[in-house]
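Structure first, then comments.
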Amino acid sequence: MSSHRQSSIGVGIVGLSARRGWASLAHLPALQRLEGFELRALSASSVESARRAAEKYGVEQSFGTADELAAAEEVDLVVVTVKVPNHREIIQSALAAGKMVLSEWPLGNGPAEAEELAATAAERGLRTFTGLQARSAPTVRYLRDLVADGYVGEVISTSLVASGGSWGTEFPAGGAYLLDRANGATMLTIPFGHTTDGLTMVLGDVEQVTAVTATRHREVKDPQSGRVYRPDVADQVVFGGVLSSGAVASVHYRGGLSRGTNFHWEINGTDGDLVITGDTGHLQMGEFSIDGAHGSDAELSRLTVPERYFDPALHDVRGTPAYNVGAAYTQIQRDLAHGTSDVPDFAHAARHQRLLDRIERAAKHA
């Protein structure tokens, strides 16, 4: 075995398909550009589909099951990119095999599964990572530092309005599962969940919660088949609360897209204001701009994210979903080398899923 192979982290991806999907769109391009990682194995829904994917992407080993992938000696890090209802079984298998795990968000189908997976990882003393990629975005990291360095003074309040995309009058190809609350992949858990995690990274944890949820798109059409579905998931989520700093927060997510504003986030303080705008409500993978004013400034001006927040190895995937995923991989490498925990682990994921559960419960009692 070469010294490069010995020093690299051997990655096995569960759910890397020869067809278009999140793993091929985001994880694969990121791993192809980063030193220190080697994609050594993949598994798919069958032996044949795994073989086709391995041939397409030049991956050495392919497996028809996640259990076989987790058992492979060459795999150090199991990456789980399949739909949420399958997370628990696959992750438990990987942890039983003694492997590190990176799971896409949401970690579990509900807080109970997330807590179970976090407890199992802790009992086995295994490193875990969760794909809350908004925390790796250069814009979000810069924003966190601006606030921490006192750009706005003491934060008084924050307000955010955004569009959820897939939960409008139509849904994307293959997206019918998003309309069934039992699958755990809802507007609350995905765009709202990713974005509120980024918000708490910048401004601190949520302490008090009030909420309203509603399903306003009662009939949703599949644009390909024309079939009409009746969703049981909220396409309106309104959250109000108080953060650990005492700042007041409000967040409103709307299903679908708006002809007006699809992402607008303000942070207002005693000495300044910050405004973050973008064309998508998915803070974890969109392109966003920051405008700010403080002190004697009379109006907002554009704040450019300094180059030190970007990874040169990922330069040619800036502006794509692969960038923030790749930045998270780089942080994983540093966490393993230095014993840090910049990338959210399963314990963090379980806490965040409990917050989403609190919001959902508060809405039911509103």
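Remarks
- The set of residues from the range 115-136 being assigned to a helix (DSSP H, G or I), polar (S, T, N, Q) and either in contact with a strand residue (DSSP E or B) (Cβ under 8 Å, 6 or more places away or on another chain) or in contact (Cβ under 8 Å) with a residue 40 or more places away in the chain (or both) comprises 133, 136.
- Options 251, 209, 237: the member that is part of a strand (DSSP E or B), open to solvent by 20 Å² or more (accessible area, probe 1.4 Å) and β-branched (Val, Ile, Thr): 209
- Selection within the range 286-318 - open to solvent by 30 Å² or more (accessible area, probe 1.4 Å) and at pLDDT below 95: 287
- Residue 321 being loosely packed, with under 14 Cβ neighbours inside 10 Å and in contact with a helix residue (DSSP H, G or I) (Cβ under 9 Å, 6 or more places away or on another chain): no
- Unmet criterion (only one of (1) within 28 Å of residue 323 (Cα to Cα); (2) open to solvent by 20 Å² or more (accessible area, probe 1.4 Å)) for residue 124: (1)
- Filter result for residue 330 (of a type in the set (Ser, Thr, Tyr), farther than 30 Å from residue 77 by Cα and open to solvent by less than 40 Å² (accessible area, probe 1.4 Å)): no
- Output for the range 143-165, where each listed residue is open to solvent by 30 Å² or more (accessible area, probe 1.4 Å) and touching a helix residue (DSSP H, G or I) at 6+ places or on another chain (Cβ under 7 Å): 144
- The one condition in (1) more than 30 Å from residue 34 (Cα to Cα); (2) without any contact (Cβ under 8 Å) to a residue 40 or more places away in the chain; (3) open to solvent by 50 Å² or more (accessible area, probe 1.4 Å); (4) not in a loop (DSSP other than H, G, I, E, B) that residue 275 fails to fulfil: (3)
- The residues on offer are 245, 225, and the sole one that is outside any strand (DSSP E or B), open to solvent by 30 Å² or more (accessible area, probe 1.4 Å) and at pLDDT below 95 is 225.
- Pairs where the first residue, in the range 296-316, is more than 28 Å from residue 270 (Cβ to Cβ) and the second is in a loop (DSSP other than H, G, I, E, B) and open to solvent by less than 100 Å² (accessible area, probe 1.4 Å), C-beta under 6 Å, 6+ apart: 313/34
- Within the range 87-118, the set of residues being farther than 25 Å from residue 38 by Cβ and open to solvent by 50 Å² or more (accessible area, probe 1.4 Å) comprises 88, 89, 112, 115, 116.
- Residues of the range 19-33 classified as in contact (Cβ under 8 Å) with a residue 24 or more places away in the chain and not in a helix (DSSP H, G or I), total: 1
- Flag if residue 42 is more than 29 Å from residue 176 (Cβ to Cβ) and either in contact with a Gly (Cβ under 7 Å, 6 or more places away or on another chain) or not small (Gly, Ala, Ser) (or both): no
- Residue in the range 137-148 that is over 16 Å from residue 194 (Cβ atoms) and without any contact (Cβ under 8 Å) to a residue 40 or more places away in the chain present: yes
- Looking only at residues in the range 74-103 that are part of a helix (DSSP H, G or I) and more than 18 Å from the chain's Cα centre (by Cα), the one that is nearest to residue 44 (Cα to Cα) is 90.
Each row is one residue, and each column tells you yes or no for (1) at pLDDT below 95; (2) within 20 Å of residue 330 (Cβ to Cβ); (3) crowded, with 17+ Cβ neighbours inside 10 Å.
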{"residue": "21", "(1), (2), (3)": "yes, no, yes"}
{"residue": "31", "(1), (2), (3)": "no, yes, yes"}
{"residue": "34", "(1), (2), (3)": "no, yes, yes"}
{"residue": "53", "(1), (2), (3)": "no, no, yes"}
{"residue": "66", "(1), (2), (3)": "no, no, yes"}
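The values are calculated or read from the model by the stated rules, or taken from the named source; none is laboratory data. It should be emphasised that the depicted structure is a prediction, and the values quoted were computed from it without experimental measurement. A quick note on method: Cβ atoms are made from the backbone with ideal geometry, for glycine too, and the neighbour counts reach across all protein chains shown. For accessibility, only protein heavy atoms count, side chains too; no ligands or nucleic acids. Shrake-Rupley method; radii C 1.70, N 1.55, O 1.52, S 1.80 Å.
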